[in-house]
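Reading through the structure tokens given below for one structure.
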Amino acid sequence: MTTKISATDSLDGRVAVVTGASSGIGEASAEHLASLGAKVAVLARRADRLDDLVARIRKNGGTAMALTVDVTDTAAVQTAADRVQAELGDADLLFNNAGVMLPAPIEELRADQWQRQIDLNISGLMNVIGAFTPQLVRAAAERGVADLINNSSSAAQNLYPTFAVYAATKAFVTHLSKHLRMELGPKKVRVSAIEPGIVGTELQSHVTDEGATAWLEGSKETIDWLQPHDIARTVGFIASLPLRVNLPQVFIMPTAQPS
Ligand code: NDP
């Protein structure tokens, strides 16, 4: 494919991959990118949720394929990347989004939860980067640009009590993104880290710590949480900017969330 991408809001001709697309931010982003014209490959573990999403996108005239994959499985992610390449062509827009947040006081020694966050938020993210970077670089050379958008968090910048391990995994994502931008920018791959504050999704439902749950629930009294489509619009905006424009770091907060 040799389509040069024009500087409009349209993502016609683009091939997008969204991880963690079975709920929340990933699901909303996949739908939004498809509505802007991108062909979308959606990845997550829950096949039924992905099938529903693909059916919705197709009903609205879009193109989508579902890939049931655990992104912590390196070989499975590579197989998924090969299928995207074979069926849609090289991916030129990767929204690396799958993640989990499990806050708890460090003295509770929840090593199981530390590991789950490290496995998904760091190793899973790296598996996806490893499998898709060759496609992004090839696509950028052929079509003029590609986007690697990593979903970090405001926790990469701010201090939230009991969120140490989650925040540290997200600091990894932000710092990694800055370095990858230095390497891949000259190859026309725009690298961005987005850093959202609180977004209402399933993320909070996995939290087992009562203190953290109470803090999150209590925040609803004063803060109108972001919604998944707020982030989806941001992802679409980043990818549809003129080719010369890269937003390396986008901090996106609920208006009333102080930090
Ligand atoms: P959700 O829990 O709704 O979404 C998480 C997604 O990740 C799901 O689609 C889930 O699908 C997928 N996922 C989980 N484990 C795996 C796995 N092993 N392999 C593949 N996919 C997996 O939460 P959000 O939409 O909020 O989270 C998306 C990202 O946004 C995360 O990285 C999160 O850290 C980040 N974020 C969220 C904020 C918030 O307040 N909600 C704020 C800042 C950042 P499945 O279970 O089907 O595999």
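Can you tell me the orientation of helix 47-59 relative to the chain, as the angle in degrees between its alpha-carbon axis and the longest Cα principal axis, to the nearest 10?
50
Restricting things to alpha carbons, find the Rg to Rh ratio for region 126-218 using the Kirkwood radius for Rh.
Rg/Rh for region 126-218 comes to 1.09.
As a check on your grasp of the helix formula, calculate [θ] at 222 nm for the chain: sum -39500 (n - 2.57) over DSSP H runs of n ≥ 4, divide by the residue count, round to the nearest 500.
Counting only the DSSP helices, I get -13500 deg cm²/dmol.
Quick check: the angle from helix 24-35's long axis to the longest principal axis of the chain, C-alpha only, nearest 10 degrees?
For helix 24-35, the angle is close to 20 degrees.
Roughly how tilted is helix 164-184, in degrees to the nearest 10 and between 0 and 90, from the longest Cα axis of the chain?
20
Out of residues 5 or more away from ILE252 or on other chains, whose amide H comes under 5 Å of its own, with H placed 1.01 Å from N in the peptide plane?
GLU195, GLY197
Report the local net charge at PRO105: Lys and Arg +1, Asp and Glu -1, summed over other residues whose C-beta lies under 15 Å from its C-beta.
-4
Testing the spin-label approximation: label points 7 Å from Cα along Cα→Cβ at LEU241 and ALA47. State their distance in nm.
4.0
Distance between the C-alpha centers of region 66-124 and region 204-236? Whole Å please.
Taking the Cα centre of region 204-236 as reference, the centre of region 66-124 is 21 Å away.
Which of the trypsin sites (Lys or Arg not before Pro) found in region 211-259 are loop residues per DSSP with 10 or fewer other Cβ atoms within 10 Å of their Cβ?
Answer by residue number: ARG244.
What would the Debye equation give as log₁₀ I(q)/I(0) for region 15-252 at q = 0.08, 0.10, 0.14 Å⁻¹, counting only Cα atoms as equal point scatterers?
The computed values of log10 I(q)/I(0) come out as -0.27, -0.43, -0.86.
If the elastic network links every pair of Cα atoms under 10 Å, which of THR72, THR133, THR162 fluctuates the most in the Gaussian network model of the chain?
THR162
Using the basic label-point model (7 angstrom from Cα toward the beta carbon), what is the MET253 to ASP230 distance in nanometres?
In this crude label model, MET253 to ASP230 measures out at 1.2 nm.
I want the local charge near ASP90. Using Cβ-Cβ distances under 10 Å, sum +1 for each Lys or Arg and -1 for each Asp or Glu among the other residues.
Result for the neighbourhood of ASP90: 0.
Would you mind telling me which residue in GLN135, GLN85, GLN117 has the biggest mean-square fluctuation in a Gaussian network model of the chain, where springs connect alpha carbons within a distance under 10 angstrom?
GLN85
What nm value, rounded to one decimal, do you get for the distance between ARG83 and ASP112 when each label is placed 7 Å out toward the C-beta?
A separation of 3.0 nm, rounded to one decimal place.
Straight distance only, please: which lysines reach the Cα of LYS178 with their own Cα at less than 30 Å, same-chain residues fewer than 8 apart left out?
LYS4, LYS39, LYS170, LYS187, LYS188
Which of SER154, SER219, SER23 moves most in a GNM of the chain, Cα contacts under 10 Å?
Of SER154, SER219, SER23, the most mobile in the Gaussian network model is SER219.
Evaluate 2.2 N^0.38 Å with N set to the residue count of region 47-122, then give the Cα radius of gyration divided by it.
1.43
Tell me which GluC sites (Glu not before Pro) from region 178-258 have a DSSP coil assignment and no more than 16 other beta carbons within 10 Å of their own.
GLU221
Add +1 for every Lys or Arg and -1 for every Asp or Glu among the other residues with Cβ under 12 Å from the Cβ of THR72, and state the total.
-1
Read the figures in this text as sums done on the coordinates, not as results from a lab. Keep in mind the model is a prediction, meaning the values are calculated, not measured. Neighbour counts are summed over all protein chains in view; Cβ atoms, including those assigned to glycine, are modelled from backbone coordinates with ideal geometry.
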